[in-house]
Amino acid sequence: YDRLVFERAGADGRKTAHAPFEIQVAPEGITRLEKVGLEIEVERLPAGGSQDEAGTDRWGECIDAGAVRWPLIARPPRPGDRFDPLGMGGETKKISDFLIDAKVEADRRSDVVLLCDQAGPLWIVGMRIAHRVRLTEATRNILRVRVRPTVEEATRPHDKEGHTHRVEKRTISDAVAL
């Protein structure tokens with residue numbers, strides 16, 4: 001909403017989306033998601049430490065390591081994906097409905113990254129974790145997960161919400177061909 005974005009269209013005239021990807025995330029350390037220009041850092045911490053700093057912005061979360069069914073996988077949403085958003089008392093919701101309710105523009109939904117385990121999505125990156133991986137009194141070990149743009153992505157212009165501007169130079173002949 002309230003933005004003008006120029007993107008190169010494919011041969012059929014439609015926006016070219018990220019190629020489908022499914023990347024196993026290292027249980028500790030940094031995993032690069034080259035196709036989407038992000039990297040995920042996972043750090044294991046004992047419960048009761050200084051885990052609060054991960055939740056200071058939307059790009060860091062702390063989850064209960066004991067609730068994770070390994071391995072962790074980063075991937076885009078798939079039709080029919082469901083998860084149990086924190087704050088909904090364990091009730092499930094379609095990810096597509098969650099994104100609509102969060103007012104994520106339709107053409108941006110394919111850019112969303114999910115962090116999943118064998119039980120399904122546990123974090124819609126930058127938005128919400130699943131209820132099942134929340135920290136509780138019973139949490140013994142914590143995974144602090146942070147996402148940041150790769151160096152290449154960080155040098156591209158972004159707006160105040162963090163969306164990348166995809167403006168390409170066009171010549172007069174390109175404009176005439178449109």
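FYI, it's all coordinate maths here, none of it is from the lab. These figures come from a predicted structure and were not determined experimentally. All Cβ positions, even for glycine, are placed from backbone atoms using ideal geometry, and neighbour counts span all protein chains on display.
Between residue 69 and residue 150, 0.36 nm times their residue separation minus their Cα-Cα distance comes to what? Provide the component values of the computation, followed by the final result.
Working: separation 81, 0.36 × 81 = 29.16 nm, distance 2.68 nm.
Here the answer is 26.5 nm.
Would you mind giving the three semi-axes, in whole Å and largest first, of the ellipsoid equivalent to region 68-119 according to its Cα gyration tensor? Numbers along the way, then the final one.
Values: eigenvalues 71, 47, 13 Å².
Working through the eigenvalues yields semi-axes of 19, 15, 8 Å.
Which residues' amide hydrogens lie under 5 Å from the amide hydrogen of residue 38, considering only partners 5 or more residues apart or on another chain, with H built in the peptide plane?
33, 150
Show me 108-117, 39-48 ranked by packing, highest mean number of other Cβ atoms within 10 Å first. Walk me through the intermediate numbers first.
Working: 108-117: 18.5, 39-48: 15.4.
By packing density, highest mean first, the sequence is 108-117, 39-48.
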